[in-house]
Each structure stands twice: as C-alpha cells, then as structure tokens.
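Presented below is the structure to which this report refers.
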Amino acid sequence: MKKNLLLLGFSFTVTSVFSQNYCGSARYDTEIFPTVITSSNVSYGQNIDINGNNQILIMDVYEPSGDVAPKRPLIIFAHGGGFVLGSKTDQYAIDYCTAFAKRGYVAVSIDYRMGMAWPATAKDFESATWRAMQDMKSAIRFFRKDASTNNIYRIDPNYIFAGGASAGGFMVVQLAYLDKPSEVPSAIDTNLLGGLEGSSGNSGYSSSVNAIVNLCGAIFDTTWMQPGDIPMVSAQGGADELVPYDTHMMSDPLGLPIMTVSGTCTMHIRAYHIGLTNPYHTYYGQHHTSPGSPQANLDTTIFISSDFLYQQLGCTPSSSVSYTNQPTCAGSPPPPPPPPPTSTQEFILSEENINVFPNPSSGEFEVRSSEFKVEKVEVYDIMGKIVEQKTLNSKLGTLNLNAAKGVYSVKIYSGENYLVKKIVIE
C-alpha cells in the first residue's frame with residue numbers, strides 16, 4: 001500500500017549527535033533485508049507472578065539476516081490480551097517485529113507477567129499494568145547490560161523504543177509517563193509489588209526509552225504527561241468499545257465497569273497543550289481489533305510506527321506523511337454508554353434473590369430466582385465470548401455447560417435489566 005497517510009499531531013524536527021549514523025540510506029526507513037533470524041525464548045529476567053510463583057520472563061529477538069552493522073536501534077514490543085491472554089508469538093507481534101527487523105532494527109517481542117481477577121476492579125487492572133511495566137523495564141535494562149558487556153545483540157543503547165498493543169499499549173504509556181513516585185496510584189501496594197523500577201532483573205542499568213508506540217492503549221491520569229516527556233505515536237479505532245478513544249469508563253467485555261481512563265484522543269489534546277510530540281492515526285469507525293486485523297490495519301500501523309521512529313533517529317522518512325497542528329481529535333466518537341435502567345426491576349435484581357448453584361460446578365448448574373421470572377441467561381468466557389444461552393421465562397432453570405475448566409460470567413436477564421454472577425467450572 002502507498003504511504004500517503006495523514007497523521008494528526010505536531011510538526012517537529014529531531015536533532016541528535018547520533019543522527020548521521022542512521023540517515024542517508026533506505027535502512028530503517030523501508031525494508032531492505034529479505035529475511036530475518038529469530039532467537040526464541042531468550043530469558044531476560046524473572047519475578048513473582050500473581051499466584052506467588054516465580055516466573056521466568058522470556059522474549060523472542062528478531063534481527064536482519066546477514067547484518068554487520070556494529071550498532072542498531074532497538075524496539076521492544078508487548079502483545080495485547082487484557083493481561084489474561086496473548087503471547088509473544090501472537091501473529092501480529094511476529095509480523096510487527098519481522099517488519100522492523102527487515103528495516104534493520106533489532107526487534108523484540110516479550111512475554112510478561114499476566115493474570116487478573118475476574119470480574120476485574122480498578123486495583124486489579126492497575127496492578128496488572130504495574131507488573132507488566134516492571135517487566136518491560138527489565139527487558140530494556142537487559143539490552144543495555146548486553147551492550148556494555150557481551151554485546152551479543154549489537155544494539156545502540158542511545159536509541160531504544162518501546163511499543164505495545166491494547167494491554168501492551170497500557171504498559172508502554174504508563175512506562176513513559178508514570179515516572180515519579182508521587183504519581184504512583186494509591187491502589188498500588190509497592191511493598192508487595194515493588195517500586196517503579198521493579199525487581200524483574202538487570203538492575204544497575206537505565207530503563208529509559210527514547211519514544212513509545214501506543215496501539216489502542218490509554219493512560220490512567222493525563223496529568224502524568226508533562227512538558228519535556230518523551231514523544232509518543234498512537235493509533236486506535238475511533239469507535240473502540242473496550243478502550244475509550246477519549247475519556248470515560250472502561251468496561252470489560254461484558255460491559256462491567258472497571259475504571260475511567262483516557263485514550264488516544266484525550267492524550268493527544270493533553271500533548272498538544274504541553275508541547276509534547278504526539279502524532280496519531282484514527283481507524284475511522286473501527287472497534288477494538290488487534291493492530292493486525294484486518295491486514296490493512298497492520299500495514300498502516302507499521303508505516304505509522306516506522307515513519308515516527310525514523311524521525312526519532314533524526315531522519316526524514318521517504319513517505320509523504322504530514323503532521324498538522326491540531327488541538328482537537330478527528331475520528332468517530334466511541335459509542336455512548338447505555339442509558340440507565342428505567343424499570344423498577346433494577347432494584348429487584350440483587351445478589352440476595354438470584355442464586356447460581358452449585359458453584360463451583362462440573363458444568364451443570366441452576367439459576368434460581370426467589371422473586372421474579374428470569375427471561376434468559378447468557379454465559380460468557382473470560383474474553384467476553386458467549387458460550388451458552390438459554391431462554392427460561394421462569395424462576396428456575398438448568399444449564400449444562402460443555403466448556404473448559406475456568407471462570408465464566410453468567411448474565412441473568414429480567415426485562416431490560418440484568419445481573420452478572422461469576423461461576424467456576426471445575
């Protein structure tokens with residue numbers, strides 16, 4: 001596809017004493033290496049996971065085949081999955097890293113600590129982001145340590161970038177702007193989880209990055225973005241139904257509220273007013289799909305990221321991407337929240353008069369109501385995919401769930417109102 005994309009952001013120029021190393025050729029601007037080599041399951045650290053177990057942290061390292069450059073910029077990428085699913089070998093992560101390695105970068109896809117209670121609270125989500133952010137910092141330090149010792153990967157420690165999609169986007173945004181002890185959310189127990197740098201490994205080296213790539217992520221507090229902070233490029237669907245495009249309540253796949261966050265649009269407005277470089281791209285009318293779905297999104301995402309990072313190297317990209325000075329955002333607004341219930345039954349639906357039994361269950365369980373008819377029941381897995389539904393129109397109904405072991409959400413309807421209960425299938 002042609003690189004005649006329009007990004008909204010700032011007009012800016014990057015200067016650096018190192019820029020002459022990377023400008024003047026097609027390298028880092030376009031794909032010049034036909035193939036890449038991958039070093040899989042490289043250990044970069046370890047830390048305690050959500051269950052109290054020690055987790056070895058691993059990554060896949062992508063390098064251009066036959067490359068002899070003594071120093072190369074580095075980008076470390078974090079997959080999405082809501083901090084409960086996904087891995088470094090998700091296809092879009094592989095494609096993203098491969099594209100940058102073919103441009104001459106060292107590109108890395110990391111696994112990081114995951115796990116979160118379900119349904120999630122704000123504290124659960126902030127803590128999951130905190131653990132992931134600490135792991136990314138360990139990965140950054142790993143490469144700076146390697147550059148100063150064995151120099152296996154031949155990275156330039158002066159040019160390290162971080163990127164992430166969805167949950168990975170949350171990770172890198174907080175990595176960039178949650179950088180002071182005074183900003184640490186009150187929900188974070190630093191005695192239990194560790195401080196800003198964490199203890200995932202490779203202490204003694206800097207975890208700073210030059211810029212970040214945010215794909216469908218958001219920030220917890222825009223005041224963390226301050227003049228002089230590092231640049232960011234963002235891309236997000238204008239109708240994202242999971243991560244807000246502007247500022248409002250973020251919900252889980254079932255629509256249960258988690259916390260208020262600020263996505264691409266609001267972050268850009270904040271960046272504009274404080275003079276922070278933040279070009280961005282809106283996928284008009286699109287929802288919260290992965291950056292590589294459909295394939296056209298992946299192509300666009302790679303071009304956006306590549307041109308932005310090439311400018312961070314002090315170079316001018318060959319594409320015709322333009323940066324305009326816009327204090328407001330363009331794109332489809334996210335869908336409005338559902339209206340509040342108007343039926344008096346909203347006061348009847350409660351934990352006291354609806355029961356799901358037995359819980360835990362082997363798969364067969366009853367939904368019981370002591371006061372009113374249940375019209376229908378829907379069962380969802382942890383990612384919000386419906387796995388069972390049944391019409392009842394009675395106070396008692398039996399469901400037989402043929403599904404894998406795990407935690408499921410049971411959505412129980414009466415009229416336009418509903419209650420969600422959790423069930424464990426053993």
Next on the checklist: For the condition out of contact with any helix residue (DSSP H, G or I) (no Cβ under 9 Å at 6 or more places or on another chain), at pLDDT 65 or above and over 16 Å from I425 (Cα atoms), what is the one hit in V367, V374?
Outcome noted: V374
Item to check | Within region 194-246, tally of residues that are within 22 Å of F83 (Cβ to Cβ) and either of a type outside the set (D, E, K, R) or in contact with a Phe, Trp or Tyr (Cβ under 9 Å, 6 or more places away or on another chain) (or both) | outcome: 31
Item to check | Criterion: more than 20 Å from the chain's Cα centre (by Cα) and open to solvent by less than 30 Å² (accessible area, probe 1.4 Å) - qualifying residue of A101, A93 | outcome: A101
Checklist entry - Among (1) farther than 21 Å from T223 by Cα; (2) open to solvent by 10 Å² or more (accessible area, probe 1.4 Å), which single condition is I155 missing? => result (2)
Next on the checklist: Residue under question is G86, and the condition is that it be assigned to a loop (DSSP other than H, G, I, E, B) and either in contact (Cβ under 8 Å) with a residue 24 or more places away in the chain or surrounded by fewer than 22 Cβ atoms within 10 Å (Cβ to Cβ) (or both); does it hold?
Outcome noted: yes
Next on the checklist: Looking at region 15-38, can you tell me whether even one residue there is of a type outside the set (S, T, N, Q), at pLDDT 95 or above, within 18 Å of A167 (Cα to Cα) and open to solvent by 20 Å² or more (accessible area, probe 1.4 Å)?
Outcome noted: no
Next on the checklist: If I140 meets every condition in (1) open to solvent by less than 10 Å² (accessible area, probe 1.4 Å); (2) within 20 Å of P244 (Cα to Cα); (3) touching a residue at least 60 places away in the same chain (Cβ under 8 Å) apart from one, which number is that one?
Outcome noted: (2)
Checklist outcome for this item: Within region 350-381, residues being in a strand (DSSP E or B) and open to solvent by less than 40 Å² (accessible area, probe 1.4 Å) number 11
Checklist outcome for this item: Residue set I76, I58; condition assigned to a strand (DSSP E or B), of a type in the set (A, V, I, L, M) and within 17 Å of G115 (Cα to Cα); output residue I58
Item to check | A147 closer than 26 Å to P73 by Cβ, open to solvent by less than 20 Å² (accessible area, probe 1.4 Å) and in contact with a strand residue (DSSP E or B) (Cβ under 9 Å, 6 or more places away or on another chain) | outcome: no
Checklist outcome for this item: Selection from region 39-53 of residues surrounded by fewer than 16 Cβ atoms within 10 Å (Cβ to Cβ) and either among the basic types (K, R) or in contact (Cβ under 8 Å) with a residue 24 or more places away in the chain (or both) yields S39, D49, N51
Checklist outcome for this item: Filtering region 177-236 down to residues that are more than 23 Å from P157 (Cα to Cα) and β-branched (V, I, T) yields V184, I188, T190, I219, T222, T223
Item to check | Subset of region 296-324 (residues that are within 15 Å of P231 (Cβ to Cβ), outside any loop (DSSP other than H, G, I, E, B) and modelled with pLDDT under 90) | outcome: Y323
Next on the checklist: Looking for something open to solvent by less than 10 Å² (accessible area, probe 1.4 Å) and either in contact (Cβ under 8 Å) with a residue 12 or more places away in the chain or over 30 Å from L419 (Cβ atoms) (or both) - is there at least one such residue anywhere in region 177-188?
Outcome noted: yes
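The values are calculated or read from the model by the stated rules, or taken from the named source; none is laboratory data. For clarity, every value in this text was computed on a predicted model and none was experimentally measured. Cβ atoms come from the backbone with ideal geometry, glycine included; neighbour counts cover every protein chain shown. Surface accessibility is based on the protein's heavy atoms, side chains included, excluding ligands, DNA and RNA. Shrake-Rupley method; radii C 1.70, N 1.55, O 1.52, S 1.80 Å.
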